[in-house]
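Down below is the structure, laid out as structure tokens.
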Amino acid sequence: MKPTKKKTEFDKKFYIKWMVIAMTAIWAAIAAVWLSMHNWDTEESMQALARAFTEQPAETEQEAPAEEEAPVKDEQPAPEETEQPETQPEEPKEEAPEATPKDATVYPDIDQLPAEPTIVKGILLANKQHPLPETYAPGENAEARAAFDSMAQAAAKDGLQLTAFSTYRAFDRQKQLYEGYVAKDGQAAADRYSARPGFSEHQTGLAFDIGEAGQEQHWASASFGDTAGGKWVKENAHNYGFILRYPEGKEQITGYMHESWHFRYVGKEAATAIYKQNITLEEYLGI
């Protein structure tokens, strides 16, 4: 049976009516829930409703993750640079001028002799730079005399008769000799082979002028070094504590020309070291 036009309009109005009722019921339920959420306070509920429609949620900005660079094959990480302290250029050091070696042949310009003798490494020193007091008068050294006697006995076994023809000389005696040499040869020449008073090793009592009995022509002469006795003493004196005090070629160090007969007692230890090193007493003492 085909519905009439009136029925169709009635059904449409009925549907609309029920839709309105349903929507009203839904909104009433929503309103009831909303009011219950706000303590059934109508004013508070209306204000909350207004804020819900007017306020926009704040945007949270998230940083995009950084893109990781693909590692390069076999690429080594660069070493961290460490800051190096800035180095200041060194200022050139001023080199001290080389000291001019002292000429041991020259006497010092002094007005008076010292009050005490010079002792270095336990050894009494007397030369043109280190004079002795005028009053220094020890006499011949007993230890040195005993050492010479032992040496003379050893030489005698080899058929050599050694003698010490000059040992200790006091200040006044040295003065007398020196002034005689100056009168004879002049001061410049005398200063090469004779000591001024106060500067002589003979005043120490440790210096022995050695010769061979029966060979007096070679005493206090360079020729003594060419004799059998002179050669023996030069090669053996250190075994008894003596050194050849003024060797050849050392005048600028010792202050005196070569004297093959002048020996100085310093003890066996020092004498052996000086002999083996072929040096002078000044070099051994480091002066």
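Between ASN278 and GLU216, the FRET efficiency estimated from the beta carbon spacing at R0 = 22 angstrom works out to 0.15. Solvent-accessible surface (1.4 Å probe) assigned to ASP185 amounts to roughly 70 Å². Summed over the residues of the range 157-206 and divided among them, the accessible surface reaches 51 Å² per residue at a probe radius of 1.4 Å. With the Kirkwood sum run over all distinct C-alpha pairs, the range 136-233 has a hydrodynamic radius of 14.6 Å. With the convex hull of the Cα atoms taken as the outline of the range 179-224, the averaged projected area works out to 4.0 nm². Solvent exposure of the range 221-287, expressed per residue, is 45 Å² of accessible area, with all protein chains present and a 1.4 angstrom probe.
For the range 100-141, taking Cα atoms only, Rg and Dmax work out to 11.7, 37 Å respectively.
Taking the alpha carbon gyration tensor of the range 217-260, multiplying each eigenvalue by 5 and rooting it gives semi-axes of 18, 15, 7 Å, largest first.
The values are calculated or read from the model by the stated rules, or taken from the named source; none is laboratory data. All figures in this text were calculated on a predicted structure; none of them were measured in a lab. Here the Cβ is made from the backbone with ideal geometry for all residues, glycine too, and neighbour counts use every protein chain on show. Keep in mind that these areas ignore ligands, DNA and RNA; they rest on the heavy atoms of the full protein, side chains included. Shrake-Rupley method; radii C 1.70, N 1.55, O 1.52, S 1.80 Å.
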